[in-house]
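Note sheet for the following structure.
Nothing in this text is a laboratory measurement; each read-out follows from the coordinates by a stated rule. Note that this is a predicted model, so its numbers are computed, not measured. Note that we place each Cβ from the backbone using ideal geometry, even for glycine, and neighbour counts take in every protein chain shown.
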Amino acid sequence: MPADTADPTALRATDPRALRALAHPVRWKLIDLLDAEGTATVTRCAEVLRESTATCSYHLSILAKYGYITRAPGGPGRDKPWQLAGPSLDLSVPGADPGAEPAVAARIAAASLLDHAVARIKESLAATPAPVSKIVGAVTWLTADEVRQAAAEIEAIMDRYAGRGTDPSQRPEGARQARMLAAIALTPDPQAEPGQRAAQRSGTSWR
């Protein structure tokens, strides 16, 4: 999300190592699972992702190391559940030099997130005989301020349904998990220097 409309409750990483930790597809799958189920053990993660428990345990430990997930209370035995450390994740690095390591790492993390989200949408389209879906696209001309405004308006629409992820009582009968993805990319100014072009990119958030 743009820095000037950032959610104060969102997790934000500025350490390049923490941002680069998100540049792995398995870690986004784990974040997705914890977001959908609230909590999950290593065993549950391995079952859903069809990965070994050793693989899931390793990637969960990396996410925990950088503060993206924490141990959830309860759970019998040694296989304790994990949960997300916050309701959303902000990958923007406000004020960072576009060529500096934090900004570069943030772009790498954002690209990994985009790859993951698009892959999941493709999976749903391929697996559902008659998917209820809508793909909308447009190419127009916007200023940087208009990009930020449009992003805020789209995010407000998504926020209408945000509570349903953690509170099943808010879900109407027949509701299923739905993935909403919005991306606005402003074409870099061809007259700008390479570093300035990177600075024109908007922020990224995931919730």
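Enumerate the lysines that residue 65 could reach by cross-link, defined here as Cα to Cα under 18 Å, with residues fewer than 8 away along the same chain left out. Once the sequence-local lysines are set aside, what remains near residue 65 is 29, 80.
Which of rounded, prolate or oblate describes segment 59-161 when judged by the alpha-carbon gyration tensor and an a/c cut-off of 1.5? Oblate, because a/c is 1.5 or more while a/b does not exceed b/c. By the count of neighbouring beta-carbon atoms within 10 Å, fewest first, 52, 112 end up ordered 52, 112.
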